[in-house]
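J.: Okay, handing you the structure first.
The values are calculated or read from the model by the stated rules, or taken from the named source; none is laboratory data. Remember, it's a predicted structure, so these values are computed and weren't measured experimentally. Cβ atoms come from the backbone with ideal geometry, glycine included; neighbour counts cover every protein chain shown. Side chains are part of the model used for accessible areas, which takes the heavy atoms of the whole protein and leaves out ligands, DNA and RNA. Shrake-Rupley method; radii C 1.70, N 1.55, O 1.52, S 1.80 Å.
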Amino acid sequence: MSTSIAAHPDRSLPTDPATREIARNPLEQVEDLPIVFPHGHVDARIIAENTPFPDPAQLLISPDHHVTRLTHANGVGMGLLNTMTWALKADTMEYGEYKTGIHTEGATYSAVWFTRKMGQAIASYALVVVAFDQHAPQQSPDTVNGMAVAGGVIPAVVFLIVMLIMAGYPLTEAKFKDIMKSIEANRSLRHE
């Protein structure tokens, strides 16, 4: 069963109720017009002239940083990253047992969680670098842009580097079956 989440009609309006009521009137006058993006960061000429973009970065980052943020907030990329991380964790344990005869589940989990903690530490450091002020009612534009780069662009670049490395990942389905047969044979020898 699939469920649909409808976007809230006030999603583009201010959160303060009094201000929202003031903003709602002009919105009602134009909401049926062909508005492309509620924040208006995309130059209308680009859309009107159907200008081609020379590369994805100019499409996703240069004209509208909100696209990058929404993509990151909605989990695009992170879903793939998390799927790969947990799938490769199991492969790593089995390959380690194949090579050493030792099942390393505890060490592998520890390494995974250590890298996650290091990522959190790096993210905390990035907030310091971009001058994030947790007590400010609103962050400066430089801070917001720095957060977008630190939280979106840098992880995307690292992810692309990892993808290039993984392009040479030698584990095929046939190799995996051979590894599992060898592991089972070694386990049965140890338990005789």
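J.: Could you say whether any residue in region 124-132 is open to solvent by less than 90 Å² (accessible area, probe 1.4 Å) and of a type in the set (V, I, T)?
T.: Step one: of region 124-132, the residues open to solvent by less than 90 Å² (accessible area, probe 1.4 Å) are 124, 126-127, 130-132.
Now narrow it down to the ones that are of a type in the set (V, I, T): 130.
Yes, region 124-132 has at least one match.
Residues checked against (1) assigned to a helix (DSSP H, G or I); (2) at pLDDT 70 or above; (3) over 15 Å from I179 (Cβ atoms):
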position	(1), (2), (3)
V67	yes, no, yes
L70	yes, no, yes
T85	yes, yes, yes
L88	yes, yes, no
M93	yes, yes, no
Y98	yes, yes, no
G106	yes, yes, yes
A111	yes, yes, yes
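J.: Filter region 157-179 for residues that are closer than 14 Å to E94 by Cα and among the hydroxyl-bearing types (S, T, Y) and give the result.
T.: Selection gives T172 alone.
J.: Between T92, T115, T108, which is loosely packed, with under 12 Cβ neighbours inside 10 Å and out of contact with any Phe, Trp or Tyr (no Cβ under 9 Å at 6 or more places or on another chain)? Break it down into steps so the answer makes sense when it comes.
T.: On the way: T92 fails: loosely packed, with under 12 Cβ neighbours inside 10 Å; T108 fails: loosely packed, with under 12 Cβ neighbours inside 10 Å.
Answer to the selection: T115.
J.: Looking only at region 141-155, count how many residues are open to solvent by 50 Å² or more (accessible area, probe 1.4 Å) and touching a Phe, Trp or Tyr at 6+ places or on another chain (Cβ under 8 Å).
T.: Of the residues in region 141-155, 1 are open to solvent by 50 Å² or more (accessible area, probe 1.4 Å) and touching a Phe, Trp or Tyr at 6+ places or on another chain (Cβ under 8 Å).
J.: Would you mind stating whether S182 is closer than 18 Å to T92 by Cα, surrounded by 13 or more Cβ atoms within 10 Å (Cβ to Cβ) and at pLDDT 85 or above? Lay out the reasoning, then the answer.
T.: Numbers: closer than 18 Å to T92 by Cα: yes; surrounded by 13 or more Cβ atoms within 10 Å (Cβ to Cβ): yes; at pLDDT 85 or above: yes.
The answer is yes for S182.
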